[in-house]
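To keep things clear, I will list the structure first and then write my remarks on it.
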Amino acid sequence: MQQNNPFKFTYIIAYKNRHDRVMNLRRVIDWVSGFVGIEIIVVEQDSKPQIENLSFTRPVKYQFLQTDMPFNKSWAFNVGLKQATTDTIIFGDSDLTMDPNDFIEALKMLETYECVSPYSRVIDIKQEELGMTLEQLKMIDRPGRGETDIQKLCLCGGIIMYRRGAIEKIGGWDQGFYGWGCEDNAQSYKTEKLLKYIERPGKCYHLFHQPEQPVMQLYQRN
């Protein structure tokens, strides 16, 4: 890490462009930009750049990975990790936000734990709710994923926080997964077996986008 580094935390977003995903990416970057000392890294993966020339509310580090293969989120996360300049690493999906106070409280817990999951519930936001402010989203009163035992969330799905030494100790993310599914399960297994971790009882908000069906051949392989 460079001396006099102005950043305290790094937030890494893996991204593959879809027609209704870029607005969610903007919302997430707007949200992350509210934190002081955050370094934002966006790693796009595609056959050609789709968001290279987009402007955001604050500067982001942009990395493009050219490939014709199906999306490999783990590869994007590992590339972002190599670009990071801080000792606190947060990996996040491009369609998730949460209460800033809960986020900061989770970060503080990295003083004690090697890995922190900042929430245990996910509220799926409907299309007509996308225009709501964060304060309005917090008023939504309906069950979310993670509310029951049969809906227990994957530890490393969505947003997950690590000390840099811890994520490097377990070898980053497993790049053997292509397409949608199971890379977060593999990461959770490694984390739960090898690191000191905790899951906080907060919630996050999954921004609406058109659903995509996994390629079943890839999903079964994963």
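The values are calculated or read from the model by the stated rules, or taken from the named source; none is laboratory data. Everything numeric here is computed off the predicted structure, so don't read it as measured data. Glycine also receives a Cβ, built like all others from the backbone with ideal geometry; neighbour counts cover every protein chain displayed. SASA here: full protein model, heavy atoms, side chains in, ligands and nucleic acids out. Shrake-Rupley method; radii C 1.70, N 1.55, O 1.52, S 1.80 Å.
Can you confirm whether GLU52 is open to solvent by 30 Å² or more (accessible area, probe 1.4 Å) and either of a type in the set (A, V, I, L, M) or over 30 Å from TYR113 (Cβ atoms) (or both)?
Yes, satisfied.
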* Structure fact -> The condition from (1) without any contact (Cβ under 8 Å) to a residue 40 or more places away in the chain; (2) surrounded by 22 or more Cβ atoms within 10 Å (Cβ to Cβ); (3) of a type in the set (Val, Ile, Thr) that ILE89 misses is numbered (1)
* Would you check if PHE9 is open to solvent by 40 Å² or more (accessible area, probe 1.4 Å), at pLDDT below 95 and touching a Gly at 6+ places or on another chain (Cβ under 9 Å)? => no
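Could you please find all residues in region 171-185 being open to solvent by 40 Å² or more (accessible area, probe 1.4 Å) and at pLDDT 90 or above? Steps first, answer last, please.
From region 171-185, those open to solvent by 40 Å² or more (accessible area, probe 1.4 Å) are 171, 174-175, 178, 180, 185; that's our starting set.
Selection gives GLY171, ASP174, GLN175, ASN185.
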* State all residues of region 173-214 that are more than 19 Å from ALA14 (Cβ to Cβ) and charged (D, E, K, R); if no residue qualifies, say none. => GLU192, LYS193, LYS196, GLU199, ARG200, LYS203
* Could you tell me which numbered condition GLY131 fails, if it satisfies all but one of (1) closer than 27 Å to PHE56 by Cα; (2) open to solvent by less than 70 Å² (accessible area, probe 1.4 Å)? => (2)
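From TYR189, TYR197, grab the single residue that is modelled with pLDDT of 85 or more and in contact with a strand residue (DSSP E or B) (Cβ under 8 Å, 6 or more places away or on another chain).
Details: TYR189 fails: in contact with a strand residue (DSSP E or B) (Cβ under 8 Å, 6 or more places away or on another chain).
Result: TYR197 is the single residue among TYR189, TYR197 that is modelled with pLDDT of 85 or more and in contact with a strand residue (DSSP E or B) (Cβ under 8 Å, 6 or more places away or on another chain).
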* Structure fact -> By residue number, the members of region 12-41 that are open to solvent by 80 Å² or more (accessible area, probe 1.4 Å) and part of a loop (DSSP other than H, G, I, E, B) are ARG18, HIS19, VAL36
* Structure fact -> Counting only residues in region 68-86 that are open to solvent by less than 30 Å² (accessible area, probe 1.4 Å) and among the aliphatic types (A, V, I, L, M), the one farthest from GLN210 (Cα to Cα) is identified as ALA84
* To do: Tell me which residues, restricted to region 142-170, are open to solvent by 60 Å² or more (accessible area, probe 1.4 Å), closer than 16 Å to TYR189 by Cβ and either touching a Phe, Trp or Tyr at 6+ places or on another chain (Cβ under 6 Å) or modelled with pLDDT under 90 (or both).
  => LYS152
* Write out, first by first residue and then by second, each pair whose Cβ atoms fall under 8 Å of each other, whose residues are 6+ apart or on separate chains, and whose first residue, in region 14-42, is farther than 21 Å from LEU65 by Cβ and touching a residue at least 24 places away in the same chain (Cβ under 8 Å) while the second is part of a helix (DSSP H, G or I) and open to solvent by less than 10 Å² (accessible area, probe 1.4 Å). => PHE35/PHE103; ILE38/VAL32
